[in-house]
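Here is the structure we will look at, set down as structure tokens.
The values are calculated or read from the model by the stated rules, or taken from the named source; none is laboratory data. This one's a predicted model, so the numbers in the text were calculated from it and none came from an experiment. Every residue, glycine among them, receives a Cβ derived from its backbone with ideal geometry; neighbour counts consider all protein chains shown.
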Amino acid sequence: MKKLISVIICLFIITQTFSQVFNTASTLKKGKFSIGINPAYYNDNFGLFLHGNAGIVSGVDLALKYGFLDGSDYFGADIEWAILKGKPCFSITTGAHTQYNFGLDLSGNLSFPIMGGISLYTGVDTDLIFNGGTDLLLWLPFGIELKIRKRMSFLFEAEIPVNDPAFPIIDGGVMFYF
């Protein structure tokens, strides 16, 4: 019942933007997989993202992302590196994406398991966008993962823009683990 109430509260709070991190600092174990979907809304635009993740070696996973937003396709890939395992845990993610322009991605993610299947996460998320010039976008993400079943979690996230080219982001969705 507590988990259901938490989900309802998060759905009520999170109703405004799109996916950047959508991930705790935990990495998948070698040979494990996850798939996810999250609708998103940002700057008066709606989008939908699909995620596929695979554990490569201990402490390293690979993620592929596809999104459709603002009438355009988004493609991205990243590698997440576990730096600190345990409670809390910390990871760094490096990657690239393309939508209208090519961009490089870098984030630091810190997760705090707080009780039975609930984790909070935060960090720093950056995009370096090459659009004839170069723009650096910077956010502070805040998210929660609610494990509903052994192999299923809901994630909700808000990213607060730190500089002018960045925009507010809020999304929520589900991840399935195999």
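Key figures for this structure:
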item: Failed item, numbered, when Phe112 is tested on (1) assigned to a strand (DSSP E or B); (2) of a type outside the set (Val, Ile, Thr); (3) touching an Asp or Glu at 6+ places or on another chain (Cβ under 9 Å); (4) more than 21 Å from Phe49 (Cα to Cα); result: (3)
item: Condition check for Ala82: within 18 Å of Ile160 (Cα to Cα) and among the small types (Gly, Ala, Ser); result: no
item: Failed condition for Leu64, given (1) of a type in the set (A, V, I, L, M, F, W, C); (2) modelled with pLDDT under 95; (3) in a strand (DSSP E or B); (4) surrounded by fewer than 18 Cβ atoms within 10 Å (Cβ to Cβ); result: (2)
item: Test for Ser153: is it crowded, with 20+ Cβ neighbours inside 10 Å, touching a Lys or Arg at 6+ places or on another chain (Cβ under 6 Å) and not aliphatic (A, V, I, L, M); result: yes
item: Residue satisfying condition, being under 20 Å from Pro168 (Cα atoms) and touching a His at 6+ places or on another chain (Cβ under 7 Å), within set Asp125, Asp105, Asp135; result: Asp105
item: Answer from Phe46, Phe112, Phe33, Phe90 - the residue that is more than 22 Å from Phe167 (Cβ to Cβ) and touching a Pro at 6+ places or on another chain (Cβ under 8 Å); result: Phe112
item: Failed item, numbered, when Pro165 is tested on (1) over 13 Å from the mean Cα position of the chain (by Cα); (2) assigned to a strand (DSSP E or B); result: (2)
item: Residues of the range 81-96 satisfying the condition of being within 17 Å of Glu145 (Cα to Cα) and part of a strand (DSSP E or B); result: Cys89, Phe90, Ser91
item: Any hit, the range 42-51, residues being outside any strand (DSSP E or B), under 17 Å from Asp127 (Cβ atoms), polar (S, T, N, Q) and in contact (Cβ under 8 Å) with a residue 12 or more places away in the chain; result: yes
item: Qualifying residue in the range 118-127 (condition: hydrophobic (A, V, I, L, M, F, W, C) and buried (at least 20 other Cβ atoms within 10 Å of the Cβ)); result: no
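Okay, residues lined up against (1) over 22 Å from Lys32 (Cβ atoms); (2) of a type in the set (Ser, Thr, Tyr); (3) without any contact (Cβ under 8 Å) to a residue 60 or more places away in the chain:
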position: Phe68; (1), (2), (3): yes, no, yes
position: Phe75; (1), (2), (3): yes, no, yes
position: Ser119; (1), (2), (3): no, yes, no
position: Trp139; (1), (2), (3): yes, no, no
position: Glu145; (1), (2), (3): no, no, no
